[in-house]
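The values are calculated or read from the model by the stated rules, or taken from the named source; none is laboratory data. Note that the coordinates shown come from a computational prediction; the quantities given were computed from them, not determined experimentally. Note that each Cβ is placed from the backbone with ideal geometry, even for glycine, and that neighbours are counted across all protein chains shown.
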Amino acid sequence: MAEDSSRVLIADDNKVNRLLLSRSVELLGHRVMLAENGRIALEKLQSEPFDLLLLDIEMPEVDGFAVLEQLKADPQLREMPVIVTSSVEGLDNVVRCINLGAEDYLHKPVNQVLLKARIGASLEKKRLRDQQKAMVRRFVTSEVADDMLQSGFALGGKRIHASVLFSDIRGFTALVESEGPEETIDLLNTYYTLMFDAIGSHGGVVNLIIGDGLMALFGAPLPLDDCAGSAVAAGLEMLELIGQFNHERSAVNKPALRIGIGVATGDVVAGYTGTQQRATYTCIGDPVNLAARLEAHTKVAGCAILIDDATQRALDGSVPMQSLGEVSFKGKAAAVEIFAVVVEQPAEQA
Amino acid sequence: MDESVIDRAVYAELRATTGAEFVAELVDTFVEEGPGMLAELRAARAEGNAERFRRAAHSLKSNGRTFGAVKLTALAREFELKGLDADSTRDVAGLAALEAEYARAAAELKALRNG
């Protein structure tokens, strides 16, 4: 029973009702907390987690209708399952509760069998919803998940100004051969943890992982004030973290990891592509191709971070860099000027 | 005992689903809280506060229903639906009847609780 036990908040101003409902819910094996009016109920909901709210309508200070309205307006609490338990008169009041988002309405005194069925159904729905959300978060960034939950899923994109960052591990194939598959998975997991930290801490989101490479967006799905600066700062932090990781690896005689990073800035179209059944959040546009080319070019140029002219201009001299002149990339009609970010820390050892 | 005061079937079901010991506690709570609810109703009438009057009547109705106090429930519900009467003497007379019915219900619930 213990693992099935959920936290239920009962909001009712009448002591007899509170006692009776709390007894009924406890008999079903759940833990109960009590609130004497709507205001106290909202305070409790905002400060601790609950799985379900049993809500009375007629209450002093803040009544049940107002509680439903406030829950609906609160992004953190809008999905809290609510069962209204009341002896309020009139069908219009019941309809009003349902319209305000209540999952169900039970007349008082509440029948124990009905209560059990309704609570069970509400908790099961919540469990499935939580599971679904956790699943979604595992495959897309939490920003994309929130965007999807709030605005709904629709194929198609919108044009935004963003910076795109590509990175991958140099000589990864040789590394896999020397370390074996299990060890490589461990290595990749550590590597990705570090990279996600660096990117996330500068407001970027990783939206693609391919083997040892990744693509991150700065400025989508949420706008960012200085996307170019954030992307380059994230790149520098990635190098710094790899430097620290290599330090640990060298202590156990493991070869150092080396990564290359390319950053390009400009207008992209970001959104969901794919089919109604299977889609991905991504970003399409010239900066995406250019960032990928720049990342590949780090091998040729022998430097860790390469950026395009738009990123360089946006940085406005805030980061030391040097022009590498114009380079012709595959798929680009004209040669483009590229810049190497001067990396101070010894991230490029080995 | 007058079976028209408390519906035995409702009371028996309450006891069966929540336990005799718990029902005894619930009756005690109702007997403790009841006078306060009646006083609230009187105060709301004196003040002419319709919202407060309706809410207090609603609370009494709800508790009456829980215990199967049929007449008490009906009288309280009437107040809840009708609200304050333009002629306050009619409400005062109604309140006296409600209080008398509450006293009967409380006495009978106490007897059932011990029986």
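Below are the figures for this structure:
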item	result
Condition met for residue B:26 (within 12 Å of chain A (Cβ to nearest Cβ) and crowded, with 17+ Cβ neighbours inside 10 Å)	yes
Selection count, region A:75-90, where residues are under 30 Å from the mean Cα position of the chain (by Cα) and modelled with pLDDT of 90 or more	5
Residue B:62 being more than 15 Å from residue A:17 (Cβ to Cβ), touching a Lys or Arg at 6+ places or on another chain (Cβ under 8 Å) and among the hydroxyl-bearing types (Ser, Thr, Tyr)	no
Sole residue being at the interface with chain A (Cβ under 10 Å from one of its Cβ atoms), part of a helix (DSSP H, G or I), on the phi < 0 side of the Ramachandran plot and in contact with a Phe, Trp or Tyr (Cβ under 9 Å, 6 or more places away or on another chain), chosen from B:14, B:41	B:14
Candidate set from region A:7-42 (those that are of a type in the set (Asp, Glu) and within 11 Å of another protein chain (Cβ to nearest Cβ)); member that is farthest from residue A:118 (Cα to Cα)	A:13
Selected residue (only one of B:64, B:68 is small (Gly, Ala, Ser), crowded, with 16+ Cβ neighbours inside 10 Å and in contact with a Ser or Thr (Cβ under 8 Å, 6 or more places away or on another chain))	B:64
Members of region A:93-116 found to be within 14 Å of another protein chain (Cβ to nearest Cβ) and either β-branched (Val, Ile, Thr) or out of contact with any helix residue (DSSP H, G or I) (no Cβ under 7 Å at 6 or more places or on another chain) (or both), listed by number	A:93, A:107, A:110, A:111, A:113, A:114, A:116
Strands (runs of 3 or more DSSP E) wholly inside region A:234-350 containing at least 1 residues that are farther than 28 Å from residue A:158 by Cβ and more than 26 Å from the chain's Cα centre (by Cα)	A:305-308, A:321-327, A:336-341
Residues (acidic (Asp, Glu), surrounded by fewer than 19 Cβ atoms within 10 Å (Cβ to Cβ) and within 14 Å of chain A (Cβ to nearest Cβ)) located in region B:71-100	B:78
Every residue from region B:47-70 that is part of a loop (DSSP other than H, G, I, E, B) and either out of contact with any Phe, Trp or Tyr (no Cβ under 8 Å at 6 or more places or on another chain) or more than 10 Å from every other protein chain (Cβ to nearest Cβ) (or both)	B:48, B:49
Yes/no for residue B:45 being touching a helix residue (DSSP H, G or I) at 6+ places or on another chain (Cβ under 8 Å) and within 18 Å of residue A:12 (Cβ to Cβ)	no
Any hit, region B:46-64, residues being more than 23 Å from residue A:85 (Cβ to Cβ) and under 13 Å from the mean Cα position of the chain (by Cα)	no
Only listed residue being touching an Asp or Glu at 6+ places or on another chain (Cβ under 9 Å), aliphatic (A, V, I, L, M) and closer than 13 Å to residue B:38 by Cα, chosen from B:97, B:57	B:57
Unique match (being at pLDDT below 90, more than 30 Å from residue A:187 (Cβ to Cβ) and in the same structural domain as residue A:195 (by TED's automatic domain parsing)) among A:334, A:310, A:314	A:334
Lone qualifier among A:218, A:196 - being at pLDDT 85 or above, crowded, with 22+ Cβ neighbours inside 10 Å and aromatic (Phe, Trp, Tyr)	A:218
Total residues in region A:69-92, condition away from chain B (no Cβ under 14 Å) and within 24 Å of residue A:19 (Cβ to Cβ)	4
